[in-house]
Amino acid sequence: MDVAGFVFRPLYWLAGKVFSIWARPAIQPETPAEYITDAEAEVCYVLESGGLADVLALERACALHGMPSPTESFDFCGNREYRRVVALRRKEGFVFRRPRKTGSQRLKRLIDAGKKCDRELLLIPVAIYWGRSPDKEGSLLKLVFSENWEAIGRIRKFFTTLFQGRNTLLRFSHALPLRSIDADDGTGEIAYRKVSRILRVHFRKRRVATVGPDLSHKRTLINQVLRSPSVRRAILAEGGDEFRKQELARRKAEKYALEIAADISYPTIRVALRILRWLWNRIYDGIELNHMEMLHEVAKDKEIIYTPCHRSHFDYLLLGYVTYKEGLPMPHIAAGINLNMPIVGGILRRGGAFFLRRSFKGNRLYAAVFDSYVQQVISRGYSMEYFIEGGRSRTGRLLQPKGGMLAMTVNAYINNPRRPVVFVPIYFGYEKLIEGSAFISELGGAAKQKETLGGLVRSIKSLRDQFGKVAVNIGEPIELNPVLDRAHPDWRGYEPENGDRPAWLSPVVSEIGTRIMQNINAAAAVTPISLLAYVLLSTPKQKIGLGELRRQLQLSMDLMRRFEYSELVTIPEWTPDEIIAHGEKLDVVSRTSHPMGEVIHMEERTAVLMTYFRNNILHLLAVPASVACCYIQGNELAHSELRRLIRLIYPFMKKELSLKWDFDDIDKVTSEAIKALVDLGILTPRRRGKLLVRPRTGSAMAFQLLMLGQSMVPMLQRFYLVIAILVGNGSGTLSRGRLETMCQQSAERLSMIYGLHSPDFFSKTLFHDFIKMLQEQQVLRRNGDGLIEFDDDIQSIGADARLVLGEEIRHSILSLTPNRDA
């Protein structure tokens, strides 16, 4: 009679029942049974340290997913004594538990048996993290009852299970087939050592990827920042030879460090997560996560720098929430000093935010302290998050990347390359913004609203609205090492002089910044609201018949699938009617009945805000829409002429929309866009494809082609406006600043006259970038007086632009360009 089993089975059953009520670990991946790749093989789970709580958690997970129970015995190579779970490092001692010096004997017996027969055994590592908080260096007390890097005893494990039972992550990993281990000694000893080493390394990497490296205590990290050579040099430069001034400078540096430094608190994070979970459920219909497998892959052995687009203040909260729920360490988040408000600033700081001023100009000491802080964060292997656009986009387009944080990150890694660094671009796809009204005001010329606690409280009122869904799309990661290897193969041996950055750093930062923005756009999330905005804003008064809207929505989605911008772009699998109903639910569009057919329309104020969401996806169809533009004034064009026209404007499109293609590839891309339009019946090929003809005037297809082209007309209008103002005023008469001001004012007047519901149409930033690109293309140049000069060839560029502009708006532009003094 099995007396031990008779006694312990009821106790184990009771413990399991109590555990299932209280502890409910999150399980990753969603379908762990897929890791059992061989239906004929036996399965054995490998825990890092074992224990009753871990086995109960594993038992529950296996039961939920229909996997073999870890407590059952199985027959392997003629022996039925084996259980389906082993602990890699068993612990000994009743109260004070310590890892055994010897490895797992049960694992050794399994491997020895496997050497004597042909049966396959799948070893599935299972990591369990109770609480998931990293340890803290330099603190007298550890974060009690949270998962860290220590082996813990029974008493602490009991309280950990009690307090963290619902804040626990259980992660299955890919199976290790025993027969894949090559060992020739015949006894299995070498195979056992290989398997043990593979599993130890796996659990160590998985722990770093999930829990993160040890968190430095805030005071410890600040002291190390102040002791760094660059900060000490800055203190000496500011204090001079006088000890008193040096001490004042040191105190100022310490004040700066305290102002900057994060102070991550996992108890605070857990409370915040509960609030955020309630908030997301309150305002969103759901959060869609896409391509997360790429993030988990690079997190295994690399240090992640999250570089998302910046749409909303919710970006900070959303990414932190997603990373934690995905079982990844909380990143250190770069936040503007404007968010360091009373109460809110402290909460953000404990959630991982570190604060930076908008400008370091003229403050060498602050720059040295901040740079040293970033170096400390990078060298310790912490993940980091920052927005390389610098601020939130007010137009929905990506802003030009700013290199400050990128340069600090790359320079820190060059000086101390421990774990490989990878930049992870992230696209946020909102359907509504809490800051929407403020953005409209700012684009209309109002001053940027300062963030205050009162403003935050007032914004809570808007949480009663419906905000639809939000998508979080992971873009293609960018590894830093290959970029450095191409730019400077000997970078690993670089030794800085007096803390100076290497001369070759700037092009590296520029390349990474450009690629990040391109990869963000390549992971765009097309939402129902952005599709509605794309179509309705192409109509003169944001009104369209229901049937026409259905056809144009379907055309837009079909074209996105045929002319695939990137395989990472996500497109909703919705019907046009579902999209329209969703727009009505969010008060974006309204429906008016009429005997001849229903009309869908958008209010004027809504239309202004919808330009933001149209611009989110404008880049996806920029090339086919530009081809369609060429048919606004003409009926047929040669294939070669279409390619020439797109080649002419592509440098400006690429700059404004962060397009991914190189200039040398644009002819091929244009041909692919033409083919997609032909396949959809929007263009008809003649003369073996050498000539492309538009549909018959008045036909449904002709209307669809016209609508498609309208999305790119504003950019071409700006193009023609700049050329017209230059030609009208003459070469060598306008400074660059004067030209930008005239372009902005002229565009604003056109917008008023023609009711262009797009404040970004007269954005000074867009004109600035456009004129800069003309200079880079050597179309414009500056003379010795700083005035812009150009050749007569510029008029031929204007002639090409006239192909897509109506006579009325061309006349209005020309009427704004009489000769005037610079």
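Among rounded, prolate and oblate, which fits segment 627-761 when a ≥ b ≥ c are the square roots of the eigenvalues of its C-alpha gyration tensor, a/c under 1.5 means rounded, and a/b larger than b/c means prolate?
Here segment 627-761 falls in the prolate category.
Before I look further, what does segment 326-444 give for accessible area per residue, probe 1.4 Å, in whole square angstrom?
Result: 30 Å² per residue.
Please work out whether segment 686-757 counts as rounded, prolate or oblate from its C-alpha gyration tensor, where a ≥ b ≥ c are the square roots of the eigenvalues and a/c under 1.5 means rounded, while otherwise a/b larger than b/c means prolate and anything else oblate?
It is oblate, given that a/c is not under 1.5 and a/b is not larger than b/c.
So how far apart, in nm, are the two label points at residue 504 and residue 688 if each is 7 Å from Cα heading toward Cβ?
Computed distance between label sites residue 504 and residue 688 equals 4.9 nm.
I want to check the label-to-label distance for residue 679 and residue 74. Put each point 7 Å from Cα in the C-beta direction and report it in nm to one decimal.
4.6
Please give me, ordered by residue number, the GluC sites (Glu not before Pro) of segment 264-367 that lie in loop per DSSP and have at most 14 other Cβ atoms within 10 Å.
Filter output for segment 264-367: empty list.
Under 1.5 on a/c is rounded, so check that first for segment 337-393, then, if it is not, pick prolate when a/b is larger than b/c and oblate when it is not; a ≥ b ≥ c are the square roots of the alpha carbon gyration tensor eigenvalues.
rounded
Would you calculate the volume per residue, in Å³, of the smallest convex hull containing every Cα atom of segment 278-352?
Hull volume normalised by residue count: 116 Å³.
Which loop-located trypsin sites (Lys or Arg not before Pro) does segment 395-439 contain, where loop means any DSSP state but H, G, I, E or B and the Cβ has at most 13 other Cβ atoms within 10 Å?
418
Tell me, Kirkwood radius of segment 202-290 from alpha-carbon pair distances, in Å?
16.9
Let me test this: with uniform point scatterers at the alpha carbons of segment 591-684, what is the Debye-based log₁₀ I(q)/I(0) at q = 0.17, 0.21 1/Å?
For segment 591-684 at q = 0.17, 0.21 Å⁻¹, log10 I(q)/I(0) is -0.85, -1.04.
So what's segment 530-576 giving for Rg/Rh, alpha carbon basis, Kirkwood Rh from the mean inverse pair distance?
1.00
Need one value: the accessible area of residue 792 in square angstrom, 1.4 angstrom probe, rounded to the nearest 10.
The accessible area comes out at roughly 130 Å².
Between the DSSP loop rule and a limit of at most 12 other Cβ atoms within 10 Å, which trypsin sites (Lys or Arg not before Pro) in segment 456-556 are left?
When the trypsin sites (Lys or Arg not before Pro) of segment 456-556 are filtered for loop state and at most 12 Cβ neighbours within 10 Å, 541 remain.
The values are calculated or read from the model by the stated rules, or taken from the named source; none is laboratory data. This is a predicted model, so every value here is computed, not measured. Glycine also receives a Cβ, built like all others from the backbone with ideal geometry; neighbour counts cover every protein chain displayed. Just the protein is used for accessible areas: all its heavy atoms, side chains included, with ligands, DNA and RNA removed. Shrake-Rupley method; radii C 1.70, N 1.55, O 1.52, S 1.80 Å.
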